[in-house]
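Chemist: Quick one: structure below, then a few questions.
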Amino acid sequence: MLKRPRTFKMVYLALLTAFAVAIHTVEAAIPLPIPVPGAKLGLANIITLLTIVFYGYRSGLLVASLRSMIGSLLTGSFLGFGFYLSFTGAVCSSLMMALFMNFYRSQKITLVSVSLAGAVTFNVVQLALASLLVKNMLLFRGYLPFLLLLAVPTGFFTGLAATYLEKTARQAGLQIEEDERAIWKKK
């Protein structure tokens, strides 16, 4: 028989993954009037950031990976060029946000800063991988300034949304995995 907190954690992670997949899928269907090909708002990263805040980096990495895989299955891009860019960006972005969470936990930065680090990492990794796959490093140098410029407002909004949702979830009594939080405090 499973312990109650573990069951709650699995249910919450399943719900967070479902929310992330839904946002990812809707965002993929909406064309943006941005002149940079492949640029997205990255709204699903709100869910990844919340998962890292509540359940730690392993759970955040799991939600980001599942979101990218299931979302690409639903949008028809699984194992295509876009999938590899999305998956690699999501994993590296989650790892960067997990690293920055150490500073957040010690109250040196806010969730907005953590989100900005994730947005910048996502764009840089995605662009670097695209440049390597098409064997054109001029693509990296040409698009990097535009993608970094887009990462600032999107990362800022994602961080603000995650901050608001964290407060709301705590007030609503969201079950938080205490063991994972203790691990963060020890580091």
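The values are calculated or read from the model by the stated rules, or taken from the named source; none is laboratory data. Predicted model only: the values in this text are computed from it and were never measured. Cβ coordinates were reconstructed from backbone atoms using ideal geometry, including for glycine residues, and neighbour counts include every protein chain displayed.
Chemist: Looking at (1) in a helix (DSSP H, G or I); (2) at pLDDT 85 or above, find the lone condition where Leu43 falls short.
Modeler: With respect to (1) in a helix (DSSP H, G or I); (2) at pLDDT 85 or above, Leu43 is out only on (1).
Chemist: A follow-up question, please. Could you identify the single residue in Thr48, Thr88 that is surrounded by fewer than 20 Cβ atoms within 10 Å (Cβ to Cβ) and of a type in the set (S, T, N, Q)?
Modeler: Thr88 is the lone residue from the list that is surrounded by fewer than 20 Cβ atoms within 10 Å (Cβ to Cβ) and of a type in the set (S, T, N, Q).
Chemist: Would you confirm whether any residue within region 81-90 is of a type outside the set (Gly, Ala, Ser) and either touching an Asp or Glu at 6+ places or on another chain (Cβ under 6 Å) or modelled with pLDDT of 90 or more (or both)?
Modeler: Checking region 81-90: at least one residue is of a type outside the set (Gly, Ala, Ser) and either touching an Asp or Glu at 6+ places or on another chain (Cβ under 6 Å) or modelled with pLDDT of 90 or more (or both).
Chemist: I've got another one for you. Determine the pairs where a residue that is over 13 Å from Thr121 (Cα atoms), located within region 140-152, has a partner that is not in a helix (DSSP H, G or I) with Cβ atoms under 9 Å apart, the partner being 6 or more residues away or on another chain.
Modeler: Tyr143/Val36; Tyr143/Pro37; Tyr143/Gly38; Phe146/Ile34; Phe146/Pro35; Phe146/Val36; Phe146/Ala39
Chemist: (1) free of Cβ contacts under 8 Å to residues at least 60 places away in the same chain; (2) part of a helix (DSSP H, G or I): which one isn't true of Asn102, the others all being true?
Modeler: It is condition (1) that Asn102 fails.
Chemist: Residues that are crowded, with 21+ Cβ neighbours inside 10 Å and more than 14 Å from Ile52 (Cβ to Cβ): does region 92-115 have at least one?
Modeler: Looking through region 92-115, none of the residues is crowded, with 21+ Cβ neighbours inside 10 Å and more than 14 Å from Ile52 (Cβ to Cβ).
Chemist: Report yes if Gly118 is assigned to a loop (DSSP other than H, G, I, E, B) and either acidic (Asp, Glu) or under 14 Å from the mean Cα position of the chain (by Cα) (or both), otherwise no.
Modeler: In short, no.
Chemist: Any residue at all in region 14-21 that is modelled with pLDDT of 85 or more and of a type in the set (Phe, Trp, Tyr)?
Modeler: yes
Chemist: Restricting to region 51-63, and then to whatever is among the aliphatic types (A, V, I, L, M) and farther than 22 Å from Lys167 by Cβ, can you tell me which residue is surrounded by the fewest Cβ atoms within 10 Å (Cβ to Cβ)?
Modeler: Leu62
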